[in-house]
Amino acid sequence: MAELVPFLLSRGYAPNERAPSERELAELFGASRTQVREALSVLETLRLIERRPKSGVYMTVESASIEALRLFTEIGVPLPGDEGGQAAEVRRIQELEAIRLACRRHRDDDVDALLRCLDDWEGALDDATRIAELDRVFHCGIVRATQNTVLLRLVNLFYLMTEQRRAVYFGSRARQEQSLREHREILDALVARDSDRAVRLLDAHMSSADSYWRDLMTTGLRPEVSASTPARG
């Protein structure tokens, strides 16, 4: 499937345009029709394709599920059009609303979990991969404090999509420490149930990271990676 998805997307099939048949795909990739059929079943579940009886396989990327976006990032397929930027915008909207709710709804165990996360962060400095995971844990911990499990699943998916990208971002010790300081300030506002300050701090925190990636794309520079950042294939 890692080869099938890029092939189908790179061919530029229009929405509802007929794609190659199972037999043609099996011959193209040197696979059995059973293997191709299983891969297509996964793509159909993600709503990337539709198999129509006695007609064929049709592309339906425009109605793809959110989970399909994570599949794209896992196999290195660029998101169509500006969907990467749009996904970041959706995450921002969700998290800013989430912290408003969390300021009203958080419980003692939510705060305890966030405190443990930041203590672990302090002990993991210089481990970019571990810091990237703790970053996901912290942000999802805020969303968990809303007591809204549907919102948590949505936000968590966006963080899983950016796992490798955030490991690169946290390759800098200075950014690890700065983010830790900002997280502590955000948590202080959350504990105080000061939603206006919490939203302002979180918005500035996310803007800083977004600005880093926008600047990289504008200049065409490669992100710096410290020796502690593991190589990614």
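The values are calculated or read from the model by the stated rules, or taken from the named source; none is laboratory data. From a predicted model like this one, the values you see are computed outputs, not experimental measurements. Quick reminder, even Gly has a Cβ in these numbers, built from the backbone with ideal geometry, and neighbours come from all protein chains shown. All accessible areas refer to the heavy atoms of the entire protein, side chains included, with ligands and DNA or RNA removed. Shrake-Rupley method; radii C 1.70, N 1.55, O 1.52, S 1.80 Å.
Ranking of Asp126, Asp188 by solvent-accessible surface, largest first: Asp188, Asp126 (1.4 Å probe, protein heavy atoms only, all chains present).
Extending 7 Å from the Cα toward the beta-carbon at both Gln164 and Glu185 defines two label points whose distance is 3.3 nm.
Size check on the range 82-159: the Cα extents along the three principal axes, sorted descending, read 35, 31, 16 Å.
Hey, got the dipole for the range 83-199? About the Cα centre, +1 on K and R Cβ, -1 on D and E Cβ, debye to the nearest 20?
320
Per-residue accessible area (protein heavy atoms, 1.4 Å probe) orders Thr45, Thr60, Thr34, Thr129 as Thr45, Thr34, Thr129, Thr60, starting from the largest.
Here the mean projected area of the convex hull built on the C-alpha positions of the range 8-54 is 3.4 nm². Multiplying the residue separation of Asp210 and Leu28 by 0.36 nm and removing their Cα-Cα distance gives an extension gain of 61.5 nm.
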